[in-house]
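Everything below concerns the one structure shown next.
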Amino acid sequence: MKSTFRTVLTTIALTALACSQAAAADQATPGWKSLFDGESLKGWNCPEMKYWSVRDGAITAESTDEIPCPKNQFLTWTQGEVDDFELKLKFRIFGSDSANSGIQVRSGKADDGHYFGYQCDMDRGRNWLGALYDEHTGRRVLAPRGKSVTISPQGRRSEKEIGDPAKLIDGVDLEKWNEYHIKAVGSTITVSINGKVTSQVTDNQNGERELRGLLALQIHSGPPMKVQFKDIQLKRLPLSDGRRKIVFIAGVPSHPARTHEHRAGCWLLAKCLNDYNSDKALAAVYYDNGWPADPSAFDNADAAIIYSDGNARHPLMDETKMQLWSRIDKRGVGLGCLHYAVELPTGDPADALRNFIGGVFETYFSVNPHWIGRFEVRPTHPITRGVGSYEINDEWYYHMRFRERAEGVTPILVSTPPDDTRTSRWGHHHGGNEHVKKRMGQPEITMWASENPTGSRGFGFTGGHYHDNWANDSHRKVVLNAILWAAKGNVPVTGVPSSVSKEDMNTNLDKKPAPKPKKKAKGQAKAKAGKK
(Lines give C-alpha, C1' and ligand atoms only; values in the text may rest on other atoms or scores of the structure.)
Protein backbone atom coordinates (compact mmCIF):
# COMPACT_ATOMS: atom_id res chain seq x y z
CA MET A 1 0.00 0.00 0.00
CA LYS A 2 2.82 2.40 0.80
CA SER A 3 4.29 1.93 -2.65
CA THR A 4 0.86 2.50 -4.20
CA PHE A 5 0.61 5.88 -2.53
CA ARG A 6 4.23 6.95 -2.72
CA THR A 7 3.52 9.12 -5.72
CA VAL A 8 0.18 10.62 -4.64
CA LEU A 9 1.59 14.05 -4.00
CA THR A 10 3.55 14.13 -7.22
CA THR A 11 0.51 12.98 -9.17
CA ILE A 12 -1.12 16.25 -8.21
CA ALA A 13 1.01 17.56 -11.08
CA LEU A 14 -0.97 15.19 -13.35
CA THR A 15 1.88 12.87 -14.23
CA ALA A 16 0.43 9.53 -13.05
CA LEU A 17 0.38 6.88 -15.74
CA ALA A 18 -2.93 5.53 -14.43
CA CYS A 19 -4.81 8.55 -15.78
CA SER A 20 -2.78 9.29 -18.90
CA GLN A 21 -5.35 7.78 -21.25
CA ALA A 22 -8.17 9.72 -19.59
CA ALA A 23 -6.16 12.94 -19.85
CA ALA A 24 -5.54 12.30 -23.55
CA ALA A 25 -9.24 11.67 -24.08
CA ASP A 26 -10.06 14.92 -22.30
CA GLN A 27 -7.77 16.80 -24.68
CA ALA A 28 -9.40 15.17 -27.71
CA THR A 29 -12.98 15.87 -26.59
CA PRO A 30 -12.91 18.31 -23.66
CA GLY A 31 -15.62 17.58 -21.12
CA TRP A 32 -17.34 14.80 -23.08
CA LYS A 33 -17.85 11.48 -21.29
CA SER A 34 -19.06 8.30 -22.96
CA LEU A 35 -22.18 6.70 -21.43
CA PHE A 36 -22.12 3.55 -23.59
CA ASP A 37 -19.18 1.19 -24.06
CA GLY A 38 -20.37 -0.09 -27.44
CA GLU A 39 -20.44 -3.70 -26.22
CA SER A 40 -22.81 -4.08 -23.28
CA LEU A 41 -25.72 -2.45 -21.45
CA LYS A 42 -23.57 -1.77 -18.40
CA GLY A 43 -24.95 1.34 -16.70
CA TRP A 44 -28.37 0.99 -18.38
CA ASN A 45 -31.48 -0.84 -17.21
CA CYS A 46 -35.15 -1.40 -18.02
CA PRO A 47 -37.69 -3.56 -16.12
CA GLU A 48 -38.51 -5.28 -19.45
CA MET A 49 -35.05 -6.03 -20.84
CA LYS A 50 -36.47 -8.34 -23.53
CA TYR A 51 -36.76 -5.33 -25.85
CA TRP A 52 -33.16 -4.19 -25.38
CA SER A 53 -29.83 -5.53 -26.60
CA VAL A 54 -26.54 -4.43 -28.16
CA ARG A 55 -26.26 -5.04 -31.90
CA ASP A 56 -23.95 -3.49 -34.49
CA GLY A 57 -22.17 -1.65 -31.66
CA ALA A 58 -25.43 0.14 -30.78
CA ILE A 59 -28.06 0.02 -28.07
CA THR A 60 -30.97 -1.60 -29.89
CA ALA A 61 -34.65 -1.62 -28.95
CA GLU A 62 -36.93 -3.84 -31.01
CA SER A 63 -40.53 -5.03 -30.90
CA THR A 64 -41.85 -7.76 -33.19
CA ASP A 65 -45.07 -9.67 -33.86
CA GLU A 66 -43.73 -12.34 -31.49
CA ILE A 67 -42.61 -9.82 -28.85
CA PRO A 68 -45.07 -6.92 -29.14
CA CYS A 69 -44.71 -3.70 -27.14
CA PRO A 70 -48.12 -2.80 -25.68
CA LYS A 71 -46.69 -0.16 -23.33
CA ASN A 72 -43.91 2.42 -23.74
CA GLN A 73 -40.59 1.09 -22.47
CA PHE A 74 -37.67 3.13 -21.12
CA LEU A 75 -34.02 2.14 -20.80
CA THR A 76 -32.63 4.21 -17.93
CA TRP A 77 -29.05 5.45 -17.54
CA THR A 78 -28.53 4.26 -13.97
CA GLN A 79 -25.28 6.00 -13.08
CA GLY A 80 -26.64 9.47 -12.32
CA GLU A 81 -29.05 12.26 -13.19
CA VAL A 82 -28.64 15.10 -15.67
CA ASP A 83 -28.95 18.81 -14.93
CA ASP A 84 -27.28 21.40 -17.18
CA PHE A 85 -25.64 19.44 -20.00
CA GLU A 86 -25.08 18.67 -23.64
CA LEU A 87 -25.88 15.22 -24.97
CA LYS A 88 -24.80 13.89 -28.36
CA LEU A 89 -25.75 10.53 -29.83
CA LYS A 90 -26.36 8.87 -33.17
CA PHE A 91 -29.67 7.20 -33.96
CA ARG A 92 -31.60 5.41 -36.67
CA ILE A 93 -35.12 4.00 -36.71
CA PHE A 94 -36.82 1.26 -38.75
CA GLY A 95 -40.45 0.21 -39.23
CA SER A 96 -43.69 1.76 -40.41
CA ASP A 97 -44.46 5.47 -40.30
CA SER A 98 -45.93 4.95 -36.81
CA ALA A 99 -42.58 3.78 -35.42
CA ASN A 100 -41.76 6.19 -32.59
CA SER A 101 -39.02 6.70 -30.03
CA GLY A 102 -37.43 9.46 -27.99
CA ILE A 103 -34.84 10.56 -25.47
CA GLN A 104 -36.04 11.45 -21.97
CA VAL A 105 -34.03 14.15 -20.17
CA ARG A 106 -34.50 15.65 -16.68
CA SER A 107 -37.36 13.21 -16.31
CA GLY A 108 -39.09 11.38 -13.47
CA LYS A 109 -40.43 7.86 -13.19
CA ALA A 110 -43.96 7.09 -12.04
CA ASP A 111 -44.78 4.23 -9.67
CA ASP A 112 -45.89 2.11 -12.64
CA GLY A 113 -42.49 2.57 -14.32
CA HIS A 114 -43.72 5.02 -16.97
CA TYR A 115 -41.53 8.09 -17.44
CA PHE A 116 -42.83 11.62 -17.35
CA GLY A 117 -41.13 14.83 -18.40
CA TYR A 118 -39.10 16.25 -21.25
CA GLN A 119 -38.77 14.03 -24.30
CA CYS A 120 -36.79 14.83 -27.44
CA ASP A 121 -38.89 13.06 -30.03
CA MET A 122 -38.24 10.98 -33.14
CA ASP A 123 -40.52 9.02 -35.49
CA ARG A 124 -40.53 7.43 -38.92
CA GLY A 125 -43.52 9.53 -39.99
CA ARG A 126 -41.48 12.74 -39.39
CA ASN A 127 -44.35 14.39 -37.56
CA TRP A 128 -42.53 14.53 -34.22
CA LEU A 129 -38.90 14.25 -35.29
CA GLY A 130 -36.87 17.01 -33.56
CA ALA A 131 -39.80 18.24 -31.44
CA LEU A 132 -39.91 18.64 -27.65
CA TYR A 133 -42.68 16.74 -25.91
CA ASP A 134 -43.79 16.42 -22.28
CA GLU A 135 -44.21 12.66 -21.87
CA HIS A 136 -47.11 11.34 -19.79
CA THR A 137 -48.41 14.75 -18.68
CA GLY A 138 -51.22 17.04 -19.73
CA ARG A 139 -48.90 19.53 -21.40
CA ARG A 140 -48.01 17.18 -24.31
CA VAL A 141 -46.22 19.09 -27.14
CA LEU A 142 -43.98 21.81 -25.69
CA ALA A 143 -42.28 22.96 -28.89
CA PRO A 144 -43.10 21.58 -32.37
CA ARG A 145 -40.29 21.31 -34.88
CA GLY A 146 -39.50 24.76 -36.23
CA LYS A 147 -40.64 26.60 -33.08
CA SER A 148 -39.01 28.24 -30.08
CA VAL A 149 -41.52 28.37 -27.22
CA THR A 150 -41.35 30.29 -23.94
CA ILE A 151 -43.67 29.21 -21.13
CA SER A 152 -44.39 31.71 -18.37
CA PRO A 153 -44.59 30.83 -14.64
CA GLN A 154 -48.39 30.80 -15.05
CA GLY A 155 -48.22 28.45 -18.07
CA ARG A 156 -48.85 30.99 -20.83
CA ARG A 157 -47.00 30.27 -24.06
CA SER A 158 -45.40 32.52 -26.62
CA GLU A 159 -43.61 31.19 -29.68
CA LYS A 160 -41.51 32.25 -32.60
CA GLU A 161 -40.37 30.62 -35.83
CA ILE A 162 -36.85 29.23 -36.01
CA GLY A 163 -37.12 27.54 -39.39
CA ASP A 164 -39.31 25.74 -41.87
CA PRO A 165 -40.28 22.39 -40.27
CA ALA A 166 -39.76 20.42 -43.51
CA LYS A 167 -36.46 22.05 -44.47
CA LEU A 168 -35.00 21.49 -40.99
CA ILE A 169 -35.00 17.73 -41.60
CA ASP A 170 -34.49 17.84 -45.33
CA GLY A 171 -32.05 15.09 -46.29
CA VAL A 172 -32.42 13.12 -43.04
CA ASP A 173 -32.37 9.40 -43.87
CA LEU A 174 -33.78 7.66 -40.82
CA GLU A 175 -32.36 4.28 -41.78
CA LYS A 176 -28.86 5.77 -41.73
CA TRP A 177 -27.06 7.24 -38.74
CA ASN A 178 -28.08 10.76 -37.74
CA GLU A 179 -26.90 12.92 -34.85
CA TYR A 180 -29.21 14.12 -32.09
CA HIS A 181 -27.78 16.99 -30.02
CA ILE A 182 -29.58 18.20 -26.89
CA LYS A 183 -28.42 21.18 -24.83
CA ALA A 184 -30.05 22.06 -21.51
CA VAL A 185 -29.05 25.26 -19.72
CA GLY A 186 -31.26 26.39 -16.86
CA SER A 187 -34.84 26.55 -18.09
CA THR A 188 -33.92 26.30 -21.77
CA ILE A 189 -33.65 23.03 -23.72
CA THR A 190 -32.48 23.17 -27.34
CA VAL A 191 -32.75 20.26 -29.79
CA SER A 192 -30.66 19.86 -32.95
CA ILE A 193 -30.53 17.15 -35.60
CA ASN A 194 -27.54 16.86 -37.91
CA GLY A 195 -26.37 20.33 -36.86
CA LYS A 196 -29.68 22.17 -37.34
CA VAL A 197 -31.69 23.52 -34.39
CA THR A 198 -35.14 21.98 -34.73
CA SER A 199 -36.92 23.13 -31.54
CA GLN A 200 -36.39 24.96 -28.29
CA VAL A 201 -38.34 25.52 -25.09
CA THR A 202 -37.73 27.90 -22.21
CA ASP A 203 -39.88 26.43 -19.47
CA ASN A 204 -40.60 28.68 -16.48
CA GLN A 205 -43.94 27.12 -15.52
CA ASN A 206 -44.38 26.75 -11.78
CA GLY A 207 -44.78 23.14 -10.71
CA GLU A 208 -43.80 21.80 -14.15
CA ARG A 209 -40.27 23.02 -14.90
CA GLU A 210 -37.54 20.53 -14.02
CA LEU A 211 -33.87 21.47 -13.75
CA ARG A 212 -32.59 17.93 -13.22
CA GLY A 213 -33.77 14.36 -13.54
CA LEU A 214 -33.24 11.00 -15.20
CA LEU A 215 -31.95 10.21 -18.68
CA ALA A 216 -33.57 7.38 -20.63
CA LEU A 217 -34.12 6.00 -24.14
CA GLN A 218 -37.62 5.04 -25.29
CA ILE A 219 -39.26 2.47 -27.50
CA HIS A 220 -42.88 3.39 -28.09
CA SER A 221 -45.83 1.02 -27.97
CA GLY A 222 -47.39 0.04 -31.28
CA PRO A 223 -46.55 -1.98 -34.40
CA PRO A 224 -43.16 -3.74 -34.79
CA MET A 225 -40.22 -1.35 -34.96
CA LYS A 226 -36.49 -1.07 -34.26
CA VAL A 227 -34.50 1.91 -33.02
CA GLN A 228 -30.75 2.09 -32.41
CA PHE A 229 -28.50 4.48 -30.48
CA LYS A 230 -24.70 4.73 -30.38
CA ASP A 231 -21.83 7.13 -29.61
CA ILE A 232 -23.71 8.43 -26.57
CA GLN A 233 -21.71 11.25 -24.98
CA LEU A 234 -22.55 13.61 -22.14
CA LYS A 235 -20.91 16.92 -21.24
CA ARG A 236 -22.04 18.55 -18.02
CA LEU A 237 -22.21 22.35 -18.03
CA PRO A 238 -21.78 24.76 -15.10
CA LEU A 239 -25.19 25.37 -13.57
CA SER A 240 -26.71 28.59 -14.88
CA ASP A 241 -27.77 31.66 -12.90
CA GLY A 242 -25.17 31.17 -10.18
CA ARG A 243 -26.76 27.95 -8.89
CA ARG A 244 -24.52 25.71 -6.77
CA LYS A 245 -24.24 21.94 -7.13
CA ILE A 246 -23.32 19.64 -4.25
CA VAL A 247 -22.45 15.99 -4.81
CA PHE A 248 -22.78 13.57 -1.88
CA ILE A 249 -20.78 10.34 -1.85
CA ALA A 250 -22.23 7.75 0.52
CA GLY A 251 -19.89 4.98 1.66
CA VAL A 252 -20.71 1.29 1.84
CA PRO A 253 -22.63 -0.13 4.83
CA SER A 254 -20.56 -1.18 7.83
CA HIS A 255 -21.62 -0.60 11.45
CA PRO A 256 -24.87 -1.76 13.15
CA ALA A 257 -28.21 -0.18 12.36
CA ARG A 258 -28.60 3.58 12.94
CA THR A 259 -24.83 4.05 13.10
CA HIS A 260 -22.67 4.98 10.11
CA GLU A 261 -25.85 5.32 8.04
CA HIS A 262 -24.02 6.88 5.12
CA ARG A 263 -26.80 6.46 2.55
CA ALA A 264 -29.53 7.69 4.89
CA GLY A 265 -27.39 10.58 6.13
CA CYS A 266 -26.49 11.75 2.63
CA TRP A 267 -30.11 11.44 1.49
CA LEU A 268 -31.29 13.43 4.52
CA LEU A 269 -28.75 16.25 4.15
CA ALA A 270 -29.35 16.48 0.40
CA LYS A 271 -33.12 16.63 1.01
CA CYS A 272 -32.66 19.44 3.53
CA LEU A 273 -30.63 21.46 1.03
CA ASN A 274 -33.07 20.82 -1.80
CA ASP A 275 -36.04 21.72 0.43
CA TYR A 276 -34.30 24.98 1.37
CA ASN A 277 -33.80 25.48 -2.35
CA SER A 278 -37.10 27.29 -2.93
CA ASP A 279 -35.61 29.45 -5.68
CA LYS A 280 -33.79 26.53 -7.37
CA ALA A 281 -30.45 28.05 -6.34
CA LEU A 282 -29.11 24.66 -5.24
CA ALA A 283 -28.90 21.16 -6.63
CA ALA A 284 -27.89 18.47 -4.14
CA VAL A 285 -27.44 14.94 -5.50
CA TYR A 286 -26.01 11.80 -3.96
CA TYR A 287 -24.36 8.58 -5.09
CA ASP A 288 -24.61 5.31 -3.16
CA ASN A 289 -21.93 2.83 -2.12
CA GLY A 290 -18.69 4.66 -2.68
CA TRP A 291 -17.04 6.33 -5.63
CA PRO A 292 -19.59 7.15 -8.37
CA ALA A 293 -19.71 5.02 -11.49
CA ASP A 294 -20.91 8.17 -13.30
CA PRO A 295 -17.80 9.38 -15.19
CA SER A 296 -19.18 12.94 -15.19
CA ALA A 297 -20.19 13.06 -11.51
CA PHE A 298 -17.96 15.99 -10.55
CA ASP A 299 -17.71 17.81 -13.87
CA ASN A 300 -20.01 20.66 -12.85
CA ALA A 301 -19.92 20.21 -9.07
CA ASP A 302 -19.18 23.07 -6.69
CA ALA A 303 -18.56 20.80 -3.70
CA ALA A 304 -18.39 17.11 -2.86
CA ILE A 305 -19.30 15.68 0.54
CA ILE A 306 -17.94 12.27 1.58
CA TYR A 307 -19.75 10.42 4.38
CA SER A 308 -18.15 7.01 4.68
CA ASP A 309 -15.82 4.75 6.57
CA GLY A 310 -12.12 5.59 6.41
CA ASN A 311 -8.89 3.79 5.63
CA ALA A 312 -9.41 0.91 3.16
CA ARG A 313 -13.14 1.73 2.82
CA HIS A 314 -12.61 5.40 2.02
CA PRO A 315 -13.90 6.37 -1.47
CA LEU A 316 -10.57 8.17 -2.13
CA MET A 317 -8.54 5.09 -1.20
CA ASP A 318 -6.53 4.67 -4.37
CA GLU A 319 -4.02 6.72 -6.26
CA THR A 320 -6.10 7.28 -9.39
CA LYS A 321 -8.95 8.80 -7.41
CA MET A 322 -6.56 11.00 -5.46
CA GLN A 323 -5.14 12.31 -8.71
CA LEU A 324 -8.63 12.91 -10.06
CA TRP A 325 -9.52 14.88 -6.94
CA SER A 326 -6.31 16.92 -7.34
CA ARG A 327 -7.56 17.98 -10.76
CA ILE A 328 -11.02 18.73 -9.36
CA ASP A 329 -9.55 20.69 -6.43
CA LYS A 330 -7.64 22.92 -8.82
CA ARG A 331 -10.99 24.04 -10.26
CA GLY A 332 -11.88 25.36 -6.81
CA VAL A 333 -14.38 22.61 -6.00
CA GLY A 334 -14.96 22.21 -2.26
CA LEU A 335 -14.61 19.00 -0.27
CA GLY A 336 -16.19 18.06 3.06
CA CYS A 337 -15.58 14.85 5.02
CA LEU A 338 -17.98 13.58 7.68
CA HIS A 339 -17.05 11.32 10.61
CA TYR A 340 -14.76 8.39 9.69
CA ALA A 341 -14.15 9.92 6.25
CA VAL A 342 -11.64 12.29 7.90
CA GLU A 343 -9.19 9.36 8.13
CA LEU A 344 -6.85 7.92 5.53
CA PRO A 345 -3.68 5.91 6.24
CA THR A 346 -0.81 7.93 7.71
CA GLY A 347 1.67 9.06 5.09
CA ASP A 348 0.98 10.14 1.55
CA PRO A 349 -2.78 9.35 1.60
CA ALA A 350 -3.42 11.37 4.77
CA ASP A 351 -1.11 14.16 3.59
CA ALA A 352 -3.04 14.49 0.34
CA LEU A 353 -6.41 14.56 2.13
CA ARG A 354 -5.07 17.13 4.59
CA ASN A 355 -4.18 19.37 1.64
CA PHE A 356 -7.85 19.29 0.62
CA ILE A 357 -9.70 19.67 3.95
CA GLY A 358 -7.06 21.14 6.32
CA GLY A 359 -6.82 18.32 8.87
CA VAL A 360 -7.11 14.54 9.24
CA PHE A 361 -7.40 11.82 11.87
CA GLU A 362 -3.95 10.31 12.42
CA THR A 363 -3.54 6.90 14.06
CA TYR A 364 -1.62 6.81 17.37
CA PHE A 365 -2.10 10.59 17.54
CA SER A 366 -5.86 11.26 17.28
CA VAL A 367 -8.57 9.47 19.28
CA ASN A 368 -12.21 8.53 18.69
CA PRO A 369 -14.03 8.09 22.04
CA HIS A 370 -17.76 8.49 22.65
CA TRP A 371 -18.46 11.55 24.78
CA ILE A 372 -20.82 14.48 25.17
CA GLY A 373 -19.57 17.48 23.26
CA ARG A 374 -20.69 20.80 24.73
CA PHE A 375 -20.27 23.53 22.17
CA GLU A 376 -20.45 27.25 22.88
CA VAL A 377 -20.78 28.29 19.26
CA ARG A 378 -19.92 31.90 18.44
CA PRO A 379 -21.07 33.55 15.19
CA THR A 380 -17.52 34.16 13.96
CA HIS A 381 -17.71 32.27 10.66
CA PRO A 382 -20.46 31.69 8.05
CA ILE A 383 -20.62 28.04 9.13
CA THR A 384 -21.59 29.02 12.69
CA ARG A 385 -24.49 31.27 11.69
CA GLY A 386 -27.67 30.51 13.60
CA VAL A 387 -26.22 27.44 15.30
CA GLY A 388 -26.12 28.58 18.92
CA SER A 389 -24.81 26.48 21.78
CA TYR A 390 -25.68 22.81 22.05
CA GLU A 391 -24.53 19.51 23.51
CA ILE A 392 -24.79 16.01 22.12
CA ASN A 393 -23.44 12.50 22.64
CA ASP A 394 -21.46 11.29 19.64
CA GLU A 395 -18.23 9.58 18.73
CA TRP A 396 -16.35 12.87 18.54
CA TYR A 397 -12.88 12.34 17.11
CA TYR A 398 -10.33 14.88 18.31
CA HIS A 399 -6.65 15.85 18.33
CA MET A 400 -6.50 16.00 14.55
CA ARG A 401 -3.31 16.43 12.56
CA PHE A 402 -3.76 19.81 10.91
CA ARG A 403 -1.74 21.40 8.14
CA GLU A 404 1.60 22.79 9.22
CA ARG A 405 1.08 26.15 10.94
CA ALA A 406 -2.64 25.48 10.36
CA GLU A 407 -2.66 28.01 7.54
CA GLY A 408 -6.18 28.79 6.41
CA VAL A 409 -7.74 26.43 8.99
CA THR A 410 -10.48 27.81 11.29
CA PRO A 411 -11.91 25.91 14.30
CA ILE A 412 -15.71 25.63 14.14
CA LEU A 413 -16.77 23.26 16.96
CA VAL A 414 -14.56 23.19 20.05
CA SER A 415 -15.22 21.37 23.33
CA THR A 416 -13.24 20.00 26.26
CA PRO A 417 -13.47 16.21 26.42
CA PRO A 418 -13.41 14.30 29.74
CA ASP A 419 -9.83 13.48 30.71
CA ASP A 420 -10.48 9.73 30.76
CA THR A 421 -11.13 9.81 27.01
CA ARG A 422 -7.39 10.52 26.63
CA THR A 423 -6.36 7.33 28.40
CA SER A 424 -9.05 4.79 27.45
CA ARG A 425 -7.93 1.93 25.16
CA TRP A 426 -4.32 2.93 25.80
CA GLY A 427 -2.00 2.05 22.93
CA HIS A 428 -4.84 1.27 20.49
CA HIS A 429 -4.36 2.89 17.08
CA HIS A 430 -7.55 4.91 17.74
CA GLY A 431 -7.12 5.04 21.52
CA GLY A 432 -5.26 6.87 24.27
CA ASN A 433 -1.67 7.93 23.63
CA GLU A 434 1.04 10.17 25.02
CA HIS A 435 0.18 13.00 22.63
CA VAL A 436 -3.38 13.49 23.86
CA LYS A 437 -2.46 12.69 27.48
CA LYS A 438 -0.28 15.80 27.55
CA ARG A 439 -3.38 17.91 26.88
CA MET A 440 -5.44 16.95 29.94
CA GLY A 441 -8.22 19.50 30.51
CA GLN A 442 -7.59 21.30 27.19
CA PRO A 443 -10.26 22.11 24.58
CA GLU A 444 -10.19 20.15 21.31
CA ILE A 445 -11.35 20.87 17.77
CA THR A 446 -14.03 18.50 16.46
CA MET A 447 -14.99 20.49 13.34
CA TRP A 448 -12.92 22.86 11.25
CA ALA A 449 -13.01 24.79 7.98
CA SER A 450 -10.20 25.25 5.49
CA GLU A 451 -9.52 27.82 2.77
CA ASN A 452 -6.96 26.44 0.36
CA PRO A 453 -4.31 27.96 -1.95
CA THR A 454 -6.15 26.48 -4.96
CA GLY A 455 -9.20 28.60 -4.10
CA SER A 456 -11.17 25.59 -2.92
CA ARG A 457 -12.77 25.27 0.50
CA GLY A 458 -12.84 22.21 2.72
CA PHE A 459 -14.08 21.10 6.10
CA GLY A 460 -13.98 18.16 8.46
CA PHE A 461 -16.75 17.17 10.87
CA THR A 462 -15.91 14.33 13.25
CA GLY A 463 -19.43 13.65 14.56
CA GLY A 464 -21.97 11.64 12.63
CA HIS A 465 -21.63 8.21 14.24
CA TYR A 466 -25.25 8.10 15.44
CA HIS A 467 -27.80 8.61 12.69
CA ASP A 468 -30.48 9.87 15.10
CA ASN A 469 -28.32 12.86 16.01
CA TRP A 470 -29.29 14.43 12.67
CA ALA A 471 -32.67 15.15 14.27
CA ASN A 472 -30.93 17.77 16.45
CA ASP A 473 -31.45 21.14 14.71
CA SER A 474 -28.11 22.68 15.71
CA HIS A 475 -26.12 19.54 14.88
CA ARG A 476 -27.73 19.43 11.45
CA LYS A 477 -27.50 23.15 10.80
CA VAL A 478 -23.76 23.46 11.38
CA VAL A 479 -23.15 20.75 8.78
CA LEU A 480 -25.63 22.19 6.25
CA ASN A 481 -23.98 25.59 6.67
CA ALA A 482 -20.57 24.02 6.08
CA ILE A 483 -21.72 22.24 2.93
CA LEU A 484 -23.17 25.43 1.45
CA TRP A 485 -20.04 27.37 2.43
CA ALA A 486 -17.75 24.76 0.85
CA ALA A 487 -19.73 25.15 -2.39
CA LYS A 488 -19.17 28.94 -2.18
CA GLY A 489 -22.85 29.54 -1.66
CA ASN A 490 -24.28 32.30 0.50
CA VAL A 491 -25.02 31.05 4.01
CA PRO A 492 -28.08 32.91 5.43
CA VAL A 493 -27.56 35.15 8.45
CA THR A 494 -29.55 32.68 10.56
CA GLY A 495 -28.03 29.62 8.90
CA VAL A 496 -29.61 27.10 6.54
CA PRO A 497 -33.15 26.38 7.81
CA SER A 498 -34.34 22.79 7.80
CA SER A 499 -36.71 20.38 9.47
CA VAL A 500 -36.88 16.60 9.40
CA SER A 501 -39.74 14.22 10.12
CA LYS A 502 -39.69 10.77 11.64
CA GLU A 503 -40.26 9.43 8.14
CA ASP A 504 -37.24 11.38 6.89
CA MET A 505 -35.09 9.93 9.67
CA ASN A 506 -36.10 6.40 8.65
CA THR A 507 -35.62 6.82 4.89
CA ASN A 508 -32.80 5.10 2.99
CA LEU A 509 -31.50 3.19 6.02
CA ASP A 510 -29.19 0.26 5.30
CA LYS A 511 -30.34 -3.27 6.04
CA LYS A 512 -28.08 -4.03 8.98
CA PRO A 513 -28.14 -5.98 12.26
CA ALA A 514 -30.01 -4.37 15.14
CA PRO A 515 -27.91 -1.81 17.03
CA LYS A 516 -26.07 -2.75 20.18
CA PRO A 517 -26.94 -0.75 23.31
CA LYS A 518 -25.56 2.76 22.93
CA LYS A 519 -22.21 3.24 24.58
CA LYS A 520 -22.27 5.29 27.74
CA ALA A 521 -20.72 8.60 26.81
CA LYS A 522 -17.84 9.97 28.82
CA GLY A 523 -19.21 12.59 31.16
CA GLN A 524 -22.73 11.13 30.96
CA ALA A 525 -23.37 11.46 34.68
CA LYS A 526 -22.82 15.21 34.47
CA ALA A 527 -25.00 15.73 31.42
CA LYS A 528 -28.06 17.88 31.87
CA ALA A 529 -31.43 16.19 31.70
CA GLY A 530 -33.40 17.14 28.60
CA LYS A 531 -30.31 18.28 26.72
CA LYS A 532 -30.83 19.98 23.39
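The values are calculated or read from the model by the stated rules, or taken from the named source; none is laboratory data. Being a predicted model, the structure only gives us computed values, none of them experimental. Every residue, glycine as well, gets a Cβ built from its backbone with ideal geometry; the counts of neighbours run over all protein chains shown. Accessible surface is based on the protein model in full, side chains and every heavy atom, while ligands, DNA and RNA are left aside. Shrake-Rupley method; radii C 1.70, N 1.55, O 1.52, S 1.80 Å.
Tabulated results
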item	result
Close pairs (8 angstrom Cβ cut-off, 6 or more residues apart or separate chains): closer than 10 Å to Ser308 by Cα in segment 245-256, open to solvent by less than 40 Å² (accessible area, probe 1.4 Å) and of a type in the set (A, V, I, L, M, F, W, C) anywhere	Ile249/Cys266; Ile249/Ala304; Ile249/Ile305; Ile249/Ile306; Ala250/Cys266; Gly251/Ile306; Gly251/Ala341
Unmet requirement for Leu335, which otherwise passes all of (1) modelled with pLDDT of 95 or more; (2) touching a helix residue (DSSP H, G or I) at 6+ places or on another chain (Cβ under 7 Å); (3) open to solvent by 10 Å² or more (accessible area, probe 1.4 Å)	(3)
Segment 206-216, residues that are part of a loop (DSSP other than H, G, I, E, B) and either touching a residue at least 60 places away in the same chain (Cβ under 8 Å) or surrounded by fewer than 17 Cβ atoms within 10 Å (Cβ to Cβ) (or both)	Asn206, Gly207, Glu208, Glu210, Leu211, Arg212
Test: residue in segment 147-160 that is touching a Gly at 6+ places or on another chain (Cβ under 6 Å), open to solvent by less than 50 Å² (accessible area, probe 1.4 Å) and charged (D, E, K, R)	no
Filter result for the condition that a residue is in contact with a strand residue (DSSP E or B) (Cβ under 6 Å, 6 or more places away or on another chain), at pLDDT below 95 and either part of a loop (DSSP other than H, G, I, E, B) or more than 16 Å from Gly336 (Cβ to Cβ) (or both), over Lys531, Lys511	Lys531
Out of Gly155, Gly125, sole residue that is outside any strand (DSSP E or B) and in contact with a Ser or Thr (Cβ under 7 Å, 6 or more places away or on another chain)	Gly125
Candidates Val387, Val333, Val377 - the one that is under 29 Å from Ala270 (Cβ atoms), of a type outside the set (Gly, Ala, Ser) and touching a Pro at 6+ places or on another chain (Cβ under 9 Å)	Val387
Unmet criterion (only one of (1) at pLDDT 95 or above; (2) part of a loop (DSSP other than H, G, I, E, B); (3) acidic (Asp, Glu)) for Asp231	(2)
Qualifying residue in segment 483-503 (condition: farther than 28 Å from Pro256 by Cβ, touching a Cys at 6+ places or on another chain (Cβ under 8 Å) and open to solvent by less than 50 Å² (accessible area, probe 1.4 Å))	yes
Filter pass, Val436 being β-branched (Val, Ile, Thr), crowded, with 20+ Cβ neighbours inside 10 Å and more than 20 Å from Asn481 (Cα to Cα)	yes
Residue ID - farthest from Ala284 (Cα to Cα), chosen from residues in segment 28-60 that are of a type in the set (A, V, I, L, M) and either open to solvent by 30 Å² or more (accessible area, probe 1.4 Å) or out of contact with any strand residue (DSSP E or B) (no Cβ under 8 Å at 6 or more places or on another chain) (or both)	Val54
Of residues in segment 355-366 being out of contact with any Asp or Glu (no Cβ under 9 Å at 6 or more places or on another chain) and surrounded by 20 or more Cβ atoms within 10 Å (Cβ to Cβ), the one nearest to Gly386 (Cα to Cα)	Ile357
Residue pairs meeting the criteria (Cβ under 9 Å; at least 6 apart or on separate chains; first at positive phi, in segment 163-174; second of a type in the set (S, T, N, Q) and open to solvent by less than 70 Å² (accessible area, probe 1.4 Å))	Gly163/Thr198
Any hit, segment 406-414, residues being at pLDDT below 95, of a type in the set (Gly, Ala, Ser) and not in a loop (DSSP other than H, G, I, E, B)	yes
Segment 450-482: number of residues that are within 19 Å of Val342 (Cα to Cα), open to solvent by 10 Å² or more (accessible area, probe 1.4 Å) and not in a loop (DSSP other than H, G, I, E, B)	4
Count of segment 61-85 residues which are part of a strand (DSSP E or B) and either surrounded by fewer than 19 Cβ atoms within 10 Å (Cβ to Cβ) or in contact with a Pro (Cβ under 7 Å, 6 or more places away or on another chain) (or both)	1
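For (1) closer than 18 Å to Asp309 by Cα; (2) in contact with a strand residue (DSSP E or B) (Cβ under 7 Å, 6 or more places away or on another chain); (3) assigned to a loop (DSSP other than H, G, I, E, B), each residue gets a yes or a no:
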residue: Gly336; (1), (2), (3): yes, yes, no
residue: Ala341; (1), (2), (3): yes, yes, no
residue: Arg354; (1), (2), (3): yes, yes, no
residue: Thr363; (1), (2), (3): yes, no, yes
residue: Gly373; (1), (2), (3): no, yes, no
residue: Thr380; (1), (2), (3): no, no, yes
residue: Gly386; (1), (2), (3): no, no, yes
